[in-house]
1. Using r as the Cβ-Cβ distance of A:Leu276 and B:Arg233, and R0 as 56 Å, what FRET efficiency do you calculate, to the nearest 0.05?
2. Report the relative contact order of region B:2-232, percent, no decimals, based on alpha-carbon pairs under 8 angstrom and at least 6 residues apart.
3. Name the lysines eligible as straight-distance cross-link partners of B:Lys242: C-alpha to C-alpha under 16 Å, and not fewer than 8 places from it in the same chain.
4. Round to the nearest 10 and give me the degree value, 0 to 90, for the angle of helix B:197-214's Cα axis relative to the longest principal axis of chain B.
5. In percent, what relative contact order does region B:46-173 have, based on Cα pairs under 8 Å that are 6 or more apart in sequence?
6. If packing is taken as the average number of other Cβ atoms within 10 Å across a peptide's residues, how do A:279-289, B:129-139 rank, most packed first?
7. Among A:Leu240, A:Thr29, A:Gly214, whose Cα projects farthest towards the positive end of the dipole of the protein assembly as shown, with charges put on the beta-carbon of Lys, Arg (+1) and Asp, Glu (-1)?
8. Within 10 Å of each Cβ in peptide B:260-270, how many partner chain Cβ atoms are there on average? Round it to a whole number, please.
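Readers should treat all values here as calculations from the given coordinates under stated rules, not as data from a laboratory. Please read these numbers as outputs of a predicted model, since none were measured by experiment. Because the Cβ atoms are built from the backbone with ideal geometry, glycine has one as well, and the counts that use them run over all protein chains shown.
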Amino acid sequence: MPLLEIKNLKLDFVAGDRSLRAVDDVSFTIDAGETVCLVGESGCGKSVTALSIAQLVPMPPARYPGGEILLNGRDVLKMSKQELRGIRGGVVSYIFQDPSASLNPVFRVGNQIKESLKLHRREKATDEEVIRLLKLVGIPAPESRIKDYPHQMSGGMQQRVMIAMALASEPKLLVADEPTTALDVTIQAQILELLLDLKKRLGMSILLITHNLGIVGDIADRVAVMYAGQVVEMSPALELLKRPLHPYTKALMNSVPKLSGNDERLKMIPGSVPTLGSFPSGCRFYPRCPSAHPECATTAPPLVEVMPKRWVRCLYPKEL
Amino acid sequence: MGAVFVSEGIVNLLEVKNLKVHFPVKHGLFSRVKAHVKAVDDVSFAIQPGETLGLVGESGCGKTTLGRAIVKLVEPTAGSILFEGEDIAQLSGSELRKRRRGFQMIFQDPYGSLNPRMTVGQIIGEAIDIHKLADSTTARQKRIVDLLKAVGLDAIHAQRYPHEFSGGQRQRIGIARALAVEPKLIVCDEPVSALDVSVQAQIINLLQDLQQKMGIAYLFIAHDLAVVEHISRRVMVMYLGKVVELAEAKAIIGAPKHPYTQALISAVPVVDPDSKRKRILLPGDVPSPINPPSGCPFHPRCPIAELPRCQAEIPGLREVTPGHWAACHFAK
């Protein structure tokens, strides 16, 4: 049994009598010890999908008209408040894009980590355990750092504190929502290296959300690419990077300049990302797709397994 | 030092010589000046007409301040900025306004840099009015439409307000506004980093097309090395307010000479799964520019630093191989 299994998840945002579907029929699994990347541009539904795993999207405005989120075989969407409290920050921990906004500015970081320990561990929360966690995430001189306030730390250090806090509960699944987007490249490299190392040592699963395909190659076992609320391609990471199948994945990879690449003109994707509520009918990528057929405008393609372990949402998978 | 960057026989569009921008750090009841942030510290370089010079560095390295100082949005503390041979560092008021026609700026945030209460036509037209570039209303209108078309928008868009556009379209409006005065140099401060990946390529291609058509020079500031390499002829790397390396784009990415540049390039995540690059992990963070390390500012994080030399001696920017400048004692 996989650790997490999302089945046909649908998420609507209700505003007055209007209802906008942000996530439409998303399914994927994460096995124990596996790293899965969720890739997509802004507004594709990747963050709300990830937040749904611990039911962290406020309801209302959110509503789940269908689908299941099975964590260890139990549906998160049907859990009581008390059960959810055990899941949140316990079985599933989160780290977010902007660490300075996620930490409380008026408490010392040591106390913030201790709070997480108090909530999720039976034994007494001690300074020693906090120091051990800070050491685990590579913060130098943790004995003096536990007395720091968040503003006394750099962005990279703050993100390490967030990771330490997330690890306090010994989670089975760490959800990292764009954890390095706000950081500089050299610090980004440090944090990715840390996540890889922690995964090896602690054996937890990671769901990493990113818009950067480069990060995928560094860290992921499998990738799901999202576009306009749907998964359009799902595949083992290296195979996807070597040979993307869906026209959107291909276009996305071709539109990014590569280091030491040639000076050819970049291949553009025409138009812009569709916004919530104005997703095209039929295939949602068809207005921007270079290989669209007339049929694509009307028929919505299903997600099908075109090769072993490779799933693609396209009407013409043979042409891919 | 600035003179060494001048290529023989080519007149530079912009020459920056020993530019310093220091911000005072004030403290206490009477706002005593306690220290200075040396955001830009003794920087010299030149840009030729129609050339793109890339500028990379991590946050806080002074790249944005340098860009703003060149278009005089911040006052330089010392040094000179020669634009077409004339020093604009000390100019102000109407003199500066006249010269500003030659250099414009495009900003990172396409949401924050357009006035939400003005229509696109008014935003672009304002620049035309200030510099009196149209002698009749019809000429002005025609110029606005031409500019919109040049950046891939339609005449009808002139009546709309910024909130009606997507991020990529807004960045196009920002570009049209900069183009309105026919500048020779545009400082592009992270023009694509706020945009979706699929839209970035559109803006990069547009900037390149416009350069080819109009011969504009760019100072292209970004933190994404791949984007900078793609668009630039030469690239300059900054660390803690100083230029640490300056060379042709291909040379700097293919064979970086400064250990900081080497680490920076190795840290970029790559899409290609077959690449077997060894990542150089730098320890620690970028130090505070208020109190930078003595000697070489990079020495506390440098994998090849040799004490006591690197701690004591500030390495100057020197030409290691022809056209390839690096500020490291050991670069060869």
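1. Rounded to the nearest 0.05, the efficiency is 0.85.
2. Values: 407 pairs, mean separation 55.9, N = 231.
Relative contact order of region B:2-232: 24 percent.
3. Within reach: B:Lys17, B:Lys20, B:Lys38, B:Lys63, B:Lys257.
4. It works out to around 80 degrees.
5. Dividing the mean separation by the residue count of region B:46-173 yields 20 percent.
6. For the peptides A:279-289, B:129-139, the packing ranking is A:279-289, B:129-139.
7. Projecting each Cα onto the dipole axis, the largest value belongs to A:Thr29.
8. Averaged over the peptide's residues, the number is 5.
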